[in-house]
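Read the figures in this text as sums done on the coordinates, not as results from a lab. Keep in mind the model is a prediction, meaning the values are calculated, not measured. As a convention, Cβ positions derive from the backbone with ideal geometry for all residues, glycine included, and neighbour counts pool all protein chains shown.
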Amino acid sequence: MSRSRDEVVCSKSIPERMSGNEAVSYAVRQVNPDVMPAFPITPSTEIPQMVSSYIANGEIDTEFIPVESEHSAMSAAIGAEAAGARTMTATSSAGLALMWEELLLAASNRLPIVLTLVNRTLSGPININCDHSDGMGARDTGWIQIYSENNQEAYDNYIQAFPIAEDPRVHLPVMICQDGFITSHAVENIELLEDAPVKAFVGEYNPEEFLLNPGKPVSVGPYAVSAYSMEAKRAQEAAMERAGEVILEVAERFREMSGRSYGFFEEYRTEDAKYLMVIMGSAAGTAKAAVDMLREEGHKVGILKLRVFRPFPEKEIAEAIRRSGCKAVAIMDRCESYNGCSGPLGSEIPAALFRNKVMVETVNYIYGLAGRDFTVEHVQSVFAELEEVAQGKKEAPNHKYIGLRE
């Protein structure tokens, strides 16, 4: 008899050393999803490879479906989830782009698929290293997106993904994102959880309704006339709004099980910060190290590390920045929007501040594209420039690149 998801079982920590891909694959083994369709693409290839090894060794009974492309992988995932099977897949970069049509279908059909996205730059020119252009490109497809700073977070976020996606208030697909090579292939110390508490936390998947139920035949994917389509889209958006509450509830249950706390974002040394940096992904670790050094020198700086990008926690971000009382904010984008003025966060965060009447100077920086190094010295230079802007010594640069070769 399976445990209810409302029951929390404390787990002992198991110290281990793993790459981010290994950590996610280990979490897949613990969750034991019903179906995994996948097609290999660097740097996510190791995940289906490792999961298929778990299957071959008899450690899990997941049905692995080798397919001819990433488009087919998401198509198969949609079919499996629509039939009531807990389903996951993994991809990167152009693989996510090839899934584009199917990403929209998965979300609009309200299918709680979990996809682990190992972030890699989109072409061109072709490049296999990390930036966030793949995830950011899919930001309006209707998927929940959660970003990981390190291997521990990639593991923890993945375990939380299924209770979020499958909650009846949500029923939306989830992307768990980690930075290609930086976390996916780098080995770090990690605290794993025991199998039994993870299985109890995730629970059995027994959906009340599923689309391909032979006892309740329905049309799936029919043409929606104008009288119905808009209402369907609004219902999808309402589910995304409700997802915020569920994400926090699941995070609290995870804290009770693991002792590790998560929210929409992490505030690092923000309590009296005059200057803040908003950043997400692995570069947050670099930024924290720089903040520690600057604090030792007497500079009041802090980091707001964004974890949940969709649903976008607009009010919470604005309130955190208001509460800090800071004079200026650096908004860091590992992606270019090609809109002539900012990256994705560089558009959304100022809009959030404006709508919530938080009047503070903001500067948008583009960094780390296609794996370009982002160093402690870069962070220090950003804070130095931010201070000059706030003091009126320098005009706020618009849409500035960090580490660009002149």
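Observations, loosely collected:
- Note on the stretch 68-221: Kirkwood radius taken over Cα pairs, Stokes-Einstein applied at 20 °C and 1.002 mPa s, translational D equal to 132 µm² s⁻¹.
- Binning the alpha carbon pair distances of the stretch 212-354 at 10 angstrom intervals from zero yields the distribution 10, 29, 30, 17, 9, 4, 1, expressed in whole percent.
- Along principal axes, Cα extents of the stretch 118-200, largest first, whole Å: 45, 34, 14
- Working ranking of peptides 256-265, 54-63 by packing, defined as the average number of other Cβ atoms within 10 Å per residue, highest first, is 256-265, 54-63.
- Gained length - Asp61 relative to Ser381, 0.36 nm times residue gap less alpha-carbon distance: 110.1 nm
- Listed peptides 186-194, 305-313 by packing density, highest first (mean Cβ within 10 Å): 305-313, 186-194
- Beta bridge orientation in the stretch 265-401: antiparallel %, DSSP, nearest 5: 20 percent
- Rounded to the nearest 500, the 222 nm mean residue ellipticity of the chain from helices alone is -13000 deg cm²/dmol, with -39,500 (n - 2.57) taken per DSSP H run of at least 4 residues.
- For Lys305, the lysines whose Cα falls under 28 Å of its own Cα, not counting residues fewer than eight places away in the same chain, are Lys12, Lys274, Lys288, Lys315, Lys327, Lys357, Lys393, Lys394, Lys400.
- Part-to-part distance (alpha-carbon centres) for the stretch 323-401 and the stretch 259-296, which is given in Å: 15 Å
- Close amide H pairs (under 5 Å, H built 1.01 Å from N) link Ala328 with Leu276, residues at least 5 positions away or on another chain.
- Highest average packing first - 353-360, 213-220, Cβ atoms within 10 Å: 353-360, 213-220
- For the stretch 15-85 and the stretch 200-256, distance of Cα centres in Å: 22 Å
- Whole-Hz couplings from phi, Karplus 6.51/-1.76/1.60, listed for the stretch 134-144; x for Gly and Pro: 6, x, 5, x, 9, 5, 10, 8, x, 8, 5
- Beta bridges per DSSP, both residues in the chain: antiparallel share near 25 percent.
- Relative pair counts by distance (%), Cα atoms of the stretch 314-402, 5 Å bins: 3, 14, 23, 23, 22, 11, 3, 0
- Where the Cα pairs of the stretch 264-329 fall when distances are cut into 5 Å bins, in %: 4, 19, 30, 24, 16, 5, 1, 0
- Computed from Cα positions, the angle between helix 70-82 and the longest principal axis of the chain comes to roughly 60 degrees.
- Extension reserve of the Cys10-Tyr228 stretch, reckoned as 0.36 nm per residue once the Cα distance is removed: 73.9 nm
- Note on Arg323 and Phe354: with the Förster distance fixed at 22 Å, the Cβ-Cβ geometry gives a FRET efficiency of about 0.80.
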